[in-house]
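Worksheet: the structure to be examined is printed underneath.
The values are calculated or read from the model by the stated rules, or taken from the named source; none is laboratory data. Not measured: the values here are computed from a predicted model. In this analysis, Cβ positions are derived from the backbone assuming ideal geometry, glycine residues included, and neighbour counts consider all displayed protein chains.
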Amino acid sequence: MPIIVRLDVMLAMRKMTSRDLAAKIGIAEQNLSLLKSGKVRGVRFNTLEAICTELECQPGDLLEFEPEED
Amino acid sequence: MLINTQSVSDAAWRLRVILGTIAVVHVVFILGLIVAAFWNPAFVGDTLGAWAGYENGERMMWQNFALVAMACVGLFMWAMMLTLAARVFGQIADGEVDEAATIARRLTLWFWAMFVLALLSPMILSVISTWHMPEGQKELSLALNSGQLSLALSALITGCMARALAVGAELWREHREVV
């Protein structure tokens, strides 16, 4: 998957657990875990906004693009 | 969850209950018809014959039971279709749209089967009801009426609904994979 999710890194830097973040932004912890592992089809802008607000970061801090090698 | 499906689930649940209840009523009718047929086959045969438009004389015992069998087959098919329709809405109420689509496809096949039965019934009923009549008064009828056309239309609509449910299920899966 070319899009790498660095949410676990940001959570560690902000010393916050997935459960706390999920509760604060109002999504299920299971969905946040799926997001962390990159096993989602997409992220809504309002979810991204809520995560960036809580973790005081930019979307680029959470998402990284690594093109797949042919 | 951005989409509130509660109103759809509630409506689907109500339909499930209503259709399921009507299906049970059909089963009760079938059982009642069978009991009545054994209790007074001539009366039941005459009544069914009159409903089919053949109020003509003393039928033989097998004719009466054949008419009862025809009526039971029709009632049974309606009961099956109502049960399947109830299950479709039950699955929608439970959020299992994929399963609802599968059952709707089966319901479509039952509608087509009912359409075929509706086409053949006048012919079969006319033969059964007039078998005891003298030569020249026996009948073999064919009929095409709005009831049969309604069944064909219902089959087409149900088939389209099944496809729409399948597409809806795919969209719902995609929706759930977006956080």
All positions within region A:29-42 that are within 7 Å of chain B (Cβ to nearest Cβ) and touching a residue at least 12 places away in the same chain (Cβ under 8 Å): A:Leu35
Within region B:161-179, tally of residues that are within 18 Å of the chain's Cα centre (by Cα) and either surrounded by fewer than 17 Cβ atoms within 10 Å (Cβ to Cβ) or not in a helix (DSSP H, G or I) (or both): 0
What single numbered condition from (1) touching a residue at least 40 places away in the same chain (Cβ under 8 Å); (2) closer than 30 Å to A:Val43 by Cβ fails to hold for B:Ile22? (2)
Having 3 or more residues that are closer than 25 Å to B:His175 by Cβ is the bar; report the helices (runs of 4 or more DSSP H) wholly within chain A that clear it. A:18-25, A:29-36, A:45-55
Residue match in region A:45-59 (condition: within 10 Å of another protein chain (Cβ to nearest Cβ), out of contact with any strand residue (DSSP E or B) (no Cβ under 6 Å at 6 or more places or on another chain) and exposed (fewer than 14 other Cβ atoms within 10 Å of the Cβ)): yes
Tell me whether region B:73-84 contains one or more residues that are closer than 19 Å to B:Glu139 by Cα, out of contact with any Leu (no Cβ under 9 Å at 6 or more places or on another chain) and surrounded by fewer than 17 Cβ atoms within 10 Å (Cβ to Cβ). no
Could you check A:Phe65 against (1) among the hydrophobic types (A, V, I, L, M, F, W, C); (2) surrounded by 12 or more Cβ atoms within 10 Å (Cβ to Cβ); (3) at pLDDT below 95 and say which number it fails? (2)
